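Working notes, structure below.
The values are calculated or read from the model by the stated rules, or taken from the named source; none is laboratory data. For clarity, every value in this text was computed on a predicted model and none was experimentally measured. Each accessible area value is taken on the protein alone, full model and side chains, heavy atoms only, with ligands, DNA and RNA left out. Shrake-Rupley method; radii C 1.70, N 1.55, O 1.52, S 1.80 Å.
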Amino acid sequence: MQHSARFVSLFFTGMLAVVSSTCLAEPETQQIPPIESRISEEKINDALSSAYKKYKNLKEGANANYIPALDKVDSSIFGIVLVTVDGKVYTAGDIKSEVSIQSISKVFTMAKVTEEKGIAALPKKVGVDATGQVFNSINAIEQHQGHEMNPLVNAGAITTTSMVSGKSYNEIWNKLLGYYSDFAGRELTVLEDIYKSEAATNQRNQAIAHLMYAYGHIDGDPLQATDIYTRQCSVGVNAKDLGTMAATLANAGTNPITGKVLVKPEDMPEILAVMATAGLYDDAGKWLYRTGLPAKSGVGGGIIAVSPGKFGIAAISPLLDEAGNSVRAQKAIADISAALGGNPYEATPYGK
Ligand code: GLN
């Protein structure tokens, strides 16, 4: 009985294969090999655990302290998560502790505005050029009257937040938080102590927003935009959240775990291009030279990086270098990507 049932099902599978190979134009192109057949599971696990071991005891760098609450974050937190475009999750170290997402949020607000307003809106209003200056530079605004900026430095990011549509503060905020949560695949919340601490000390960002308003880039209330921006920076994320968010970008804008489409595939190259040129602030060039990966850092200690069509990777460690980028996260991601052939600029000569 069992045998005959199995035969029937095999027969139909066989028939289907015959039908699909004769009726459908290119059946082979639908047979996407699972990611493990391109990068083995063992290789990924080895790369993660050796980077974790190598940098676990590295104490270089310091917590950000210009936002008082960030100075109090446990600087020993260290976690790494890689998520492949077929939704497999690989981890090393602490994947539970939450830090504030900080500037990594800028990527997802950029994605939201791109989806709402179209691909031409941000280049026009904000720009897509690396400033080569610190992330909260006022000189960079003055240099071109707020043009030639990008959505990943504060002036461009606060302007980008001001472009999210909505009738009220709450409507805009809930939309953004819901969108970030969809990238992470779980409901994210704000770390209130971080938000309060930054809101009490963000006079420089308020000044930046007023300047962008004065130069005609921000249309609405600059202080509302600054406050929503401050709140978006205070969203709590763990390494697994960030790894999944990165993998969604690597998977052409579709969350590989939930299957939810968050960015149109045709909009992803432009978003990744800005991450490549400006994701690690004034050290973006050095990072790209070293890894070739579009990435984004935050002063909370997280970094996400994207190997398009392969995997997203994230690491958290609050100890930062002079440019505001996590020391251990940079080292771990660079090593792991190199071990897995993640650099999108790598190629082999034709026929070799
Ligand atoms: N909220 C921080 C700020 O605006 C974000 C900066 C960062 O992560 N580089 O200063």
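Numbers below:
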{"read-out": "Length-normalised contact order of the stretch 270-352 in % [C-alpha pairs under 8 Å, at least 6 apart]", "value": "23 percent"}
{"read-out": "5 angstrom amide H check on residue 134, placed H, neighbours 5+ away", "value": "none"}
{"read-out": "Rel. contact order, % - alpha carbon contacts under 8 angstrom, at least six apart, the chain", "value": "24 percent"}
{"read-out": "Choice from 99, 237, 190 with maximal GNM fluctuation in the chain (Cα, 10 Å cutoff)", "value": "190"}
{"read-out": "Residue with peak Gaussian network fluctuation, the chain [Cα springs, cutoff 10 Å], from 320, 242, 340", "value": "340"}
{"read-out": "Solvent-accessible ranking of 254, 160, largest area first, probe 1.4 Å", "value": "254, 160"}
{"read-out": "Mean separation of Cα contacts under 8 Å, 6 or more apart, over the residue count of the stretch 32-161: relative contact order %", "value": "17 percent"}
{"read-out": "Tensor-based shape of the chain (alpha-carbon gyration tensor, a/c under 1.5 rounded, otherwise prolate or oblate)", "value": "prolate"}
{"read-out": "Residue 150 long-range amide H proximity, modeled H, under 5 Å", "value": "129, 156"}
{"read-out": "Residue-averaged 222 nm ellipticity for the chain, from DSSP H runs of 4+ at -39500 (n - 2.57), nearest 500", "value": "-14500 deg cm²/dmol"}
{"read-out": "Whole-Å distance, taken between Cα centres, linking the stretch 164-224 and the stretch 252-330", "value": "21 Å"}
{"read-out": "Residue-span extension gain [residue 121 to residue 165] - 0.36 nm each, minus C-alpha spacing", "value": "14.6 nm"}
{"read-out": "For the stretch 181-275: rounded, prolate or oblate by the Cα gyration tensor [a/c cutoff 1.5]", "value": "oblate"}
{"read-out": "Listed pairs 124/264; 117/296; 88/125; 59/264; 125/240; 264/352 exceeding 31 Å between Cα atoms", "value": "88/125; 59/264; 125/240; 264/352"}
